[in-house]
Amino acid sequence: MSHNAWIALTVAVDHLHCFRSTFASAPQNNSVSVTLHTHGQYSLLRCAFENSARAVWMLGPAHSLVRVQRRLSMQVGEHNNSDRMNALLQRQPRRPLDVRLQQLTDLVVKAGTDPADAKKVLEPSTYSEIVREAGALTPMGAAQAEVVWSGCSSLAHGDTYGTLSILERDILATQGRLNLAQITSAPKVLFWATDRTVAMMQHGFDLFKQRATCHR
């Protein structure tokens with residue numbers, strides 16, 4: 001539990017550090033050039049936000065059994081993804097998938113889960129579910145957390161709706177129903193998304209300290 005939560009927070013910090021480095025160049029003649037990207041910086045924010053949310057989602061529940069169940073369900077997802085990757089690479093895993101999944105089932109039952117509920121609690125959650133549930137554990141709430149993550153995801157994927165609804169645009173020319181537009185970054189939106197990402201990450205670190213002190 002602690003290792004996986006710490007990895008999530010470390011990955012979040014790493015993406016934010018990379019995010020910070022995209023803004024400013026080395027000072028020259030007592031001035032610094034600041035660059036605002038249209039899409040790339042939101043990709044980094046998205047990864048930082050979802051990893052922070054994963055830590056909050058795992059560490060947030062008050063009952064230790066639920067935290068264990070969530071950690072093991074994440075591992076089920078990793079085993080499934082690893083097995084698909086091995087199939088694509090046409091290689092055999094060191095241990096069959098069913099053996100690894102049975103080990104997780106045994107662990108979750110040993111932790112206190114009713115054997116009849118083991119399959120259900122080990123079903124991996126989607127990141128949209130994780131983000132919403134993590135957001136519900138913070139002042140921003142589930143809906144705002146999903147807006148941050150989904151908005152950043154839309155720009156990371158180059159979706160048209162995200163590009164047109166989030167970024168700033170200036171109409172340079174119009175011909176019939178066709179507009180020639182200049183798309184630029186939206187500083188206020190970028191600042192807001194960054195603020196929410198840092199808040200989610202900070203909550204993750206706070207929970208980590210809290211669970212390290214009293215994990216029951």
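The values are calculated or read from the model by the stated rules, or taken from the named source; none is laboratory data. Since this is a predicted model, take the numbers as computed values, not measurements. FYI the Cβ positions are ideal-geometry reconstructions off the backbone, even for glycines, and counts take in every protein chain you see. Remember, those area values only see protein heavy atoms, side chains included, never the ligands or the DNA or RNA. Shrake-Rupley method; radii C 1.70, N 1.55, O 1.52, S 1.80 Å.
What number of residues in region 141-163 are free of Cβ contacts under 8 Å to residues at least 60 places away in the same chain, surrounded by 12 or more Cβ atoms within 10 Å (Cβ to Cβ) and hydrophobic (A, V, I, L, M, F, W, C)?
Number of matching residues: 2.
Per-residue answers, yes or no, for (1) touching a helix residue (DSSP H, G or I) at 6+ places or on another chain (Cβ under 8 Å); (2) open to solvent by 30 Å² or more (accessible area, probe 1.4 Å); (3) farther than 19 Å from VAL189 by Cα; (4) not polar (S, T, N, Q):
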{"residue": "TRP6", "(1), (2), (3), (4)": "yes, yes, yes, yes"}
{"residue": "LEU9", "(1), (2), (3), (4)": "yes, no, yes, yes"}
{"residue": "LEU16", "(1), (2), (3), (4)": "yes, no, no, yes"}
{"residue": "VAL34", "(1), (2), (3), (4)": "no, yes, no, yes"}
{"residue": "SER43", "(1), (2), (3), (4)": "yes, yes, no, no"}
{"residue": "MET58", "(1), (2), (3), (4)": "yes, no, yes, yes"}
{"residue": "ARG67", "(1), (2), (3), (4)": "yes, no, yes, yes"}
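Pull out all pairs, ordered by first then second residue, where Cβ-Cβ is under 8 Å, the residues are six or more apart or on different chains, the first lies in region 35-50 and is farther than 20 Å from GLN144 by Cβ and free of Cβ contacts under 8 Å to residues at least 24 places away in the same chain, and the second is of a type in the set (Phe, Trp, Tyr) and not in a helix (DSSP H, G or I).
Note: pairs meeting the criteria are THR35/PHE23.
From THR113, THR174, grab the single residue that is surrounded by 18 or more Cβ atoms within 10 Å (Cβ to Cβ) and more than 26 Å from the chain's Cα centre (by Cα).
Matching residue, one of THR113, THR174: THR113.
Taking only region 177-189 into account, find how many residues are surrounded by 11 or more Cβ atoms within 10 Å (Cβ to Cβ), free of Cβ contacts under 8 Å to residues at least 24 places away in the same chain and part of a loop (DSSP other than H, G, I, E, B).
Matching residues across region 177-189 total 1.
So how many residues does region 1-55 have that are within 17 Å of ALA193 (Cβ to Cβ) and basic (Lys, Arg)?
Number of matching residues: 2.
Please verify whether ASP170 is under 27 Å from LEU59 (Cβ atoms), among the charged types (D, E, K, R) and either out of contact with any Gly (no Cβ under 8 Å at 6 or more places or on another chain) or not in a helix (DSSP H, G or I) (or both), treating the condition exactly as stated. Walk me through it before giving the result.
Details: under 27 Å from LEU59 (Cβ atoms): no; among the charged types (D, E, K, R): yes; either out of contact with any Gly (no Cβ under 8 Å at 6 or more places or on another chain) or not in a helix (DSSP H, G or I) (or both): yes.
So ASP170 does not fit the description; no.
Is it the case that ASN51 is at pLDDT below 95, on the phi < 0 side of the Ramachandran plot and assigned to a helix (DSSP H, G or I)?
Details: at pLDDT below 95: no; on the phi < 0 side of the Ramachandran plot: yes; assigned to a helix (DSSP H, G or I): yes.
No: the conditions fail for ASN51.
Given the conditions (1) under 28 Å from SER185 (Cα atoms); (2) without any contact (Cβ under 8 Å) to a residue 24 or more places away in the chain; (3) open to solvent by less than 20 Å² (accessible area, probe 1.4 Å), which single one is not true for THR138?
(2)
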